[in-house]
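Working notes, structure below.
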Amino acid sequence: MRGAMEGKQVQWECINPKYKAKKKNYKNSGIVILNQCKVAIDFTASNGDPRNSCSLHYIHPYQPNEYLKALVAVGEICQDYDSDKMFPAFGFGARIPPEYTVSHDFAINFNEDNPECAGIQGVVEAYQSCLPKLQLYGPTNIAPIIQKVAKSASEETNTKEASQYFILLILTDGVITDMADTREAIVHASHLPMSVIIVGVGNADFSDMQMLDGDDGILRSPKGEPVLRDIVQFVPFRNFKHASPAALAKSVLAEVPNQVVDYYNGKGIKPKCSSEVYESSRTLAP
């Protein structure tokens with residue numbers, strides 16, 4: 001598959017190499033629109049006190065901290081593959097106002113009914129606004145946010161169409177504390193139209209994240225159930241701090257196209273053809 005801009009929507013063309021080689025007039029076998037990219041940010045205490053310059057969440061008046069650098073660099077890449085450029089953005093591992101109870105899936109704009117932010121810049125602004133109001137805490141549980149996105153992806157399966165595919169972008173500083181639940185959540189999510197991109201921030205030990213990636217073997221739930229397909233891509237941001245945007249983009253999106261194809265092929269769902277998408281967008285136009 002390859003991505004292409006068309007108006008405000010970004011579409012993945014599904015290219016069949018065999019058909020392309022045989023047919024001169026072949027364009028594609030259909031398209032898939034990726035129109036839901038959700039962001040989740042680690043606000044656990046292991047990141048350090050935001051008032052301390054050593055913190056990955058350090059509030060500097062003039063320079064972006066490590067999370068902002070990663071969010072902007074990776075987010076702008078994912079933004080190109082989000083059709084409406086609206087990002088539901090969540091945080092996990094912090095005590096949040098007004099009761100200051102620990103939450104692992106709160107909206108960083110504090111609007112649970114509408115957690116969407118306008119573009120990556122909107123996510124940045126929501127992050128900067130909420131950070132001083134939080135108490136960084138713990139533990140580092142990422143299963144709840146995976147389950148939240150999986151719920152949306154599960155509802156999409158009822159359409160029986162290749163129309164929405166969900167991307168969850170998680171930014172975290174390292175070791176997670178709910179590995180068993182996370183493995184269970186990923187195995188469940190591997191049956192749904194979604195992928196998870198985990199970006200490691202800082203210099204911690206990311207061996208757990210690499211295990212979730214599944215590149216070194218098949219990820220299994222605690223009960224031994226294997227993932228239906230690989231849906232996790234782990235990217236240590238420290239390896240790309242001085243790399244070109246193209247190198248980072250290649251790493252971040254390396255596995256997503258095949259993950260999309262594997263899902264729909266496994267379900268026997270054909271991508272929408274261009275004319276269907278045109279008719280749909282024309283019907284919805286004001």
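Rule-based calculations on the coordinates, nothing more; no lab input. Everything numeric here is computed off the predicted structure, so don't read it as measured data. Backbone-built Cβ (ideal geometry, glycine too); neighbour counts: all protein chains shown.
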query = Which shape class, rounded, prolate or oblate, goes with region 36-77 when its Cα gyration tensor gives a ≥ b ≥ c as root eigenvalues, a/c under 1.5 marks rounded, and past that a/b bigger than b/c marks prolate?
reply = oblate
request  = Apply the Kirkwood formula to region 36-270: the hydrodynamic radius equals the inverse of the mean of 1/r over all pairs of different alpha-carbon atoms; give it in Å with one decimal.
outcome  = 17.8 Å
key: Spherically averaged projected area of region 90-129 from its Cα convex hull (nm²)   = 2.7 nm²
request  = Take a quick pass over region 36-270 and tell me how many lysine pairs come in under 15 angstrom between Cα atoms, counting only ones 8 or more apart or on separate chains.
outcome  = 7
message = With just the Cα atoms defining each centre, how far is region 163-180 from region 117-148? Give it in Å.
response = 13 Å
remark   = Most exposed first, judged by fewest Cβ atoms within 10 angstrom, Cys117, Cys54 run Cys54, Cys117
task = With a cut-off of 11 Å, note down the residues of region 39-58 whose backbone N falls inside the zone around a label point 7 Å from the Cα of His242 toward its beta carbon.
result = none
